[in-house]
Amino acid sequence: MAQPAKQKFKIKKGDQVIVNTGKDKGRTGEVIEVRPSEARVKVQGINMVKRHRRPTQTNPGGIDQMEAPLHISNVSLIDPDSGKATRVGYSTEDGKKVRIAKKSGKAIG
C-alpha cells in the first residue's frame with residue numbers, strides 16, 4: 001500500500017498551542033513532536049495516557065505516564081499578544097518568509 005504524501009503544517013515543534021476540543025480543551029502547552037504523515041502532534045502535558053511496562057534488564061517496569069498524539073486540527077497556535085487561539089498566515093520580511101498571527105499581525109517564533 002502506498003504511503004500517504006507528507007503534508008506541510010503551520011504548527012512546528014516548540015510552538016505554544018491551545019487545545020480546542022476533547023478532555024483537555026482550553027489547556028495550553030508546547031509542541032514536542034509533529035508527525036506530518038499522521039497529521040498529529042504531541043503537546044507537553046496534554047492527552048496523558050498510562051502504559052503498563054514489563055520489567056526488562058534495563059527498565060524496572062511499572063506504570064508510565066506519557067503524552068499521546070492529538071490530531072493537528074484539535075490544536076491552535078497561541079497569539080503572542082493576547083494569549084488566545086489564532087490562525088497562521090505568512091508574510092515576507094527582509095526577503096524571508098515569516099509566520100504571522102492573524103489576530104495581531106505579530107511574527108511567531
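No lab work stands behind these numbers, since they all come straight from the coordinates. Quick caveat, the model's predicted, so the values are computed rather than measured. Every residue, glycine among them, receives a Cβ derived from its backbone with ideal geometry; neighbour counts consider all protein chains shown.
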* Since Ala101 meets every condition but one in (1) more than 18 Å from Lys12 (Cβ to Cβ); (2) in contact with an Asp or Glu (Cβ under 9 Å, 6 or more places away or on another chain), which condition does it not meet? -> (1)
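Condition check: surrounded by 12 or more Cβ atoms within 10 Å (Cβ to Cβ), under 16 Å from Asp15 (Cβ atoms), of a type in the set (Val, Ile, Thr) and touching a His at 6+ places or on another chain (Cβ under 9 Å). Does Val41 satisfy that? Break it down stepwise before answering.
Values: surrounded by 12 or more Cβ atoms within 10 Å (Cβ to Cβ): yes; under 16 Å from Asp15 (Cβ atoms): yes; of a type in the set (Val, Ile, Thr): yes; touching a His at 6+ places or on another chain (Cβ under 9 Å): yes.
The answer is yes for Val41.
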* Asked: Taking segment 66-101 only, how many residues are loosely packed, with under 12 Cβ neighbours inside 10 Å and either farther than 20 Å from Lys25 by Cβ or of a type in the set (A, V, I, L, M) (or both)?
  -> 9
